[in-house]
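The values are calculated or read from the model by the stated rules, or taken from the named source; none is laboratory data. Only a predicted model underlies this, so the values are computations on that prediction, with no experimental measurement involved. Please note: Cβ atoms are built from the backbone with ideal geometry, for glycine as well, and neighbour counts cover all protein chains shown.
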Amino acid sequence: MAIIGRPNVGKSTLVNRLCKSREAIVHDQPGVTRDRTYQDGFWGDREFKVVDTGGLVFDDDSEFLPEIREQANLALAEASVALVIVDGQQGLTAADESIAEWLRSQPCQSVLAVNKCESPDQGLAMAAEFWRLGLGEPHPISAIHGAGTGDLLDRVISLLPPKGFEEEEQEVIQLAIVGRPNVGKSSLLNAICGEPRAIVSPIRGTTRDTIDTRIKRDRYDWKLIDTAGIRRRRSVNYGPEFFGINRTFKAIERSDVCVLVIDALEGVTEQDQRLAGRIEADGRACVVVVNKWDAVEKDSYTMQIMEKELRAKLYFLDWAKMLFTSAITGQRVESIFALAEVAVEQHRRRVSTSVVNEVLKEALSWRSPPTSRGGRQGRLYYATQVASGPPSFTLFVNDPKLFGDTYRRYLERQLREGLGFDGTPLKLFWRGKQQRDAERELARQKDSLS
């Protein structure tokens, strides 16, 4: 079902209510929602997609309004039911009549919901005025409190196509497209989808919601998550942009792989470095995409030189593959999936303990652990992989304090060279002999008490 209505009538609030979520950004100002966003809803034994759209205005072509109308048209083109939302407290407006006239020329069926009817006694009286729209029976509801939404869903369900066979559940890889504002994230999403899936504008902060899109490539189903551009914290005011950035951070956390988009013309900025650090800290697989490659003057050596310069500033993502693309021309856009697939597979990979220790034995033969000023030398007994996603290893040593950062980075490099793990961070945990003895003593005490 596509949620349709003029600005600030409570469409996103109703979407969150129907889908039992807080994904859609809700704020007390018009025009918060711009792109069309999808969520899963259910009622009784039926499951369905709910498409939130921006507020429709037909007599104004100012900032984003034509693009919002285009997104609403695309939502209706694939919807079975249009759920039209009006404001019962404000009453019938000329904008509501314009939307009703437009909907009568659309192929899908419509259901009319009169929002903000919190009073059961006055709700029917408030809704009666909207019979004049000619969209059928107006249903009084309260998106905030949930009043009337059950009867509304009963009506919507009756208009949906008959329940068909359930498709076999496919594994879905979640790919988050992240980066600063105006680096081309939404353009990249549109280039992949082959349609205007997200509004593209040179104005910073155009994308606010996280936009989920399901597509299939090769062996996998992918959920592409376009996110809001992240600016410096001091530049962000409380409001839609603040909420959008919070959803971006949540998108990184729930993703399997992140595509970090860099502007080829501006290079790596401090904010890019912070985002890269966030991806590494969250343990996500990553592909670095350098966009706007078509706008760079280049010769046969430009790519190698630029990659070296970019990696010098993104040194903590030296394990991530780098790809030079153009969302405008489509150059190498499809190659993102091949690199992302490898990164996800490596992110989930497990290696046997015997193979891990063979690699570390070779590393120790080339470079022994450091010795402290007091003459104590670090000793590595053995190591094992304890988790995947990201790959995590526990190294058992005599004393972790004897292994400085330089030697720890050396062992991580040796693990990568010996085992692979391209496109994913590694986590190393160091356990000393005293720590192990303390854990054994604690376990012994628990056994004796039991």
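Just checking, how many residues over segment 388-403 are surrounded by fewer than 20 Cβ atoms within 10 Å (Cβ to Cβ) and closer than 21 Å to GLY277 by Cα?
Summing the residues that are surrounded by fewer than 20 Cβ atoms within 10 Å (Cβ to Cβ) and closer than 21 Å to GLY277 by Cα in segment 388-403 gives 4.
Which one of the conditions (1) farther than 28 Å from LEU265 by Cα; (2) polar (S, T, N, Q); (3) surrounded by fewer than 18 Cβ atoms within 10 Å (Cβ to Cβ) does GLN346 fail to meet, given that it meets all the rest?
Only one criterion is unmet by GLN346, namely (3).
Restricting attention to segment 167-203, which residues are at pLDDT 85 or above and among the hydroxyl-bearing types (Ser, Thr, Tyr)?
Across segment 167-203, the qualifying residue is only SER187.
Could you please let me know if ILE99 is closer than 23 Å to VAL50 by Cα, in contact (Cβ under 8 Å) with a residue 60 or more places away in the chain, assigned to a helix (DSSP H, G or I) and among the hydrophobic types (A, V, I, L, M, F, W, C)?
yes
For ASP212, work out the one condition from (1) at pLDDT 85 or above; (2) outside the structural domain of THR53 (by TED's automatic domain parsing); (3) not in a loop (DSSP other than H, G, I, E, B) it doesn't fulfil.
(1)
Looking for something over 33 Å from the mean Cα position of the chain (by Cα), in the same structural domain as SER21 (by TED's automatic domain parsing) and either buried (at least 20 other Cβ atoms within 10 Å of the Cβ) or among the β-branched types (Val, Ile, Thr) (or both) - is there at least one such residue anywhere in segment 62-76?
no
Return yes when SER326 is surrounded by fewer than 16 Cβ atoms within 10 Å (Cβ to Cβ) and among the polar types (S, T, N, Q) and no when it is not.
So SER326 does not fit the description; no.
Applying the selection to segment 372-392, what residues are polar (S, T, N, Q), farther than 30 Å from GLU345 by Cα and either touching a strand residue (DSSP E or B) at 6+ places or on another chain (Cβ under 7 Å) or touching a residue at least 40 places away in the same chain (Cβ under 8 Å) (or both)? Show your work before the answer.
The initial filter retains those residues of segment 372-392 that are polar (S, T, N, Q), namely 372, 377, 384-385, 388, 392.
The next check asks that each one be farther than 30 Å from GLU345 by Cα; those that pass are 372, 377.
Residue satisfying the conditions is GLN377 alone.
Given (1) surrounded by fewer than 20 Cβ atoms within 10 Å (Cβ to Cβ); (2) at pLDDT 85 or above; (3) in a loop (DSSP other than H, G, I, E, B), identify the lone condition not met by SER142.
Among (1) surrounded by fewer than 20 Cβ atoms within 10 Å (Cβ to Cβ); (2) at pLDDT 85 or above; (3) in a loop (DSSP other than H, G, I, E, B), the lone unmet condition for SER142 is (1).
Tell me whether segment 93-106 contains one or more residues that are touching a Ser or Thr at 6+ places or on another chain (Cβ under 6 Å) and not basic (Lys, Arg).
Scanning segment 93-106 turns up at least one residue that is touching a Ser or Thr at 6+ places or on another chain (Cβ under 6 Å) and not basic (Lys, Arg).
Please list, ordered by first then second residue, the pairs with beta carbon atoms under 9 Å, 6 or more apart or interchain, first in segment 146-157 and in contact (Cβ under 8 Å) with a residue 60 or more places away in the chain, second surrounded by fewer than 21 Cβ atoms within 10 Å (Cβ to Cβ) and assigned to a helix (DSSP H, G or I).
Matching pairs, first to second residue: GLY146/ARG17; THR149/ARG17.
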